[in-house]
Amino acid sequence: MVEERLVRVLLLEDSEDDAQLLLRSLRRGGIRVDYERVFSREGMCDALDRRTWDIVISDYTMPGFDGLTALKCLREKGKDIPFILVSGTVGEELAVQAMRVGVSDYLMKNNLVRLAPAVERELAEAEKRRRAHEVERRLVQSEEKYRLIFDSVTDAMFILDEEGKILEVNEVACTELERSRESLLEMNMADLAWHKDGKLVRRMLGEARPGRRTLFESAMLRSDGELVPV
């Protein structure tokens with residue numbers, strides 16, 4: 001037995017008979033529907049303000065209102081909701097135009113067997129986008145937190161790659177060396193570090209081990225040519 005799922009559907013359809021046809025097609029496809037039917041711009045805007053919807057299924061032609069205008073209203077409100085266009089007369093030109101402006105999918109009313117699979121597919125894609133946005137949001141928060149910690153350290157700090165190229169630097173290092181962060185990120189540590197053996201960077205990279213703290217005494221070249229002990 002196919003497990004049903006509850007999907008909140010905003011249905012833009014002026015014909016009650018066609019609306020019931022669409023709903024029956026979804027239910028046959030194993031989708032349990034919580035829906036509201038509207039067929040005007042005002043009704044759509046009101047429904048979007050009152051509730052959260054998983055998907056919009058829209059007829060193309062309604063009295064004084066059409067599906068592409070409905071999609072524009074949706075995007076103007078900043079809603080990232082899948083939008084499926086259903087019509088009895090979707091010509092090739094209209095189909096191309098619909099996809100160009102952001103319609104998720106379009107179907108013919110005489111081929112509604114495709115409706116439930118299309119809804120499932122678009123809901124899955126919407127969930128992928130939601131998760132990607134959440135990961136991006138957390139990365140931004142993590143980066144901001146890392147930057148606060150990194151810049152709060154009272155010593156000059158550098159992050160290097162395996163070749164000694166500077167990948168990141170904190171504010172203390174910029175201040176002590178009187179160099180901008182941007183200029184330091186273009187440099188290799190070998191351009192800055194001086195050591196009595198003349199091989200500080202090679203030693204650092206050769207002796208560094210995960211979880212082990214190693215002390216190196218050296219000096220770094222300030223922007224005016226003076227050496228700063230580190």
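When region 181-194 is limited to residues that are open to solvent by less than 50 Å² (accessible area, probe 1.4 Å) and in a loop (DSSP other than H, G, I, E, B), the one that is modelled with the lowest pLDDT turns out to be L192. For region 69-79, the count of residues that are assigned to a helix (DSSP H, G or I), among the β-branched types (V, I, T), closer than 22 Å to R121 by Cα and at pLDDT below 90 is zero. Residues in region 129-157 that are closer than 26 Å to L221 by Cα, acidic (D, E) and not in a loop (DSSP other than H, G, I, E, B): D151 only. Within region 95-103, the presence of a residue that is small (G, A, S), loosely packed, with under 12 Cβ neighbours inside 10 Å, at pLDDT below 80 and more than 24 Å from the chain's Cα centre (by Cα) is excluded. Out of L48, L26, one residue alone is in contact (Cβ under 8 Å) with a residue 60 or more places away in the chain and in a helix (DSSP H, G or I). It is L26. One residue stands out in region 158-180 among those that are under 13 Å from R147 (Cα atoms) and part of a helix (DSSP H, G or I): the one that is most open to solvent (accessible area, probe 1.4 Å), namely E171. Within region 9-40, if we keep just the residues that are surrounded by 15 or more Cβ atoms within 10 Å (Cβ to Cβ) and among the charged types (D, E, K, R), the residue that is farthest from E120 (Cα to Cα) turns out to be D14. For region 108-132, filtered to residues that are modelled with pLDDT under 85 and surrounded by 11 or more Cβ atoms within 10 Å (Cβ to Cβ), the residue that is nearest to A19 (Cα to Cα) is K109. Here is a check on your reading of the model: is Y60 among the hydroxyl-bearing types (S, T, Y), open to solvent by 10 Å² or more (accessible area, probe 1.4 Å) and modelled with pLDDT under 90? Answer is yes for this residue.
The values are calculated or read from the model by the stated rules, or taken from the named source; none is laboratory data. This one's a predicted model, so the numbers in the text were calculated from it and none came from an experiment. Counting neighbours? That spans all protein chains shown, and the Cβs are built from the backbone with ideal geometry, glycine included. When the accessible area is computed, the model is the full protein with side chains, heavy atoms only, and any ligands, DNA or RNA have been set aside. Shrake-Rupley method; radii C 1.70, N 1.55, O 1.52, S 1.80 Å.
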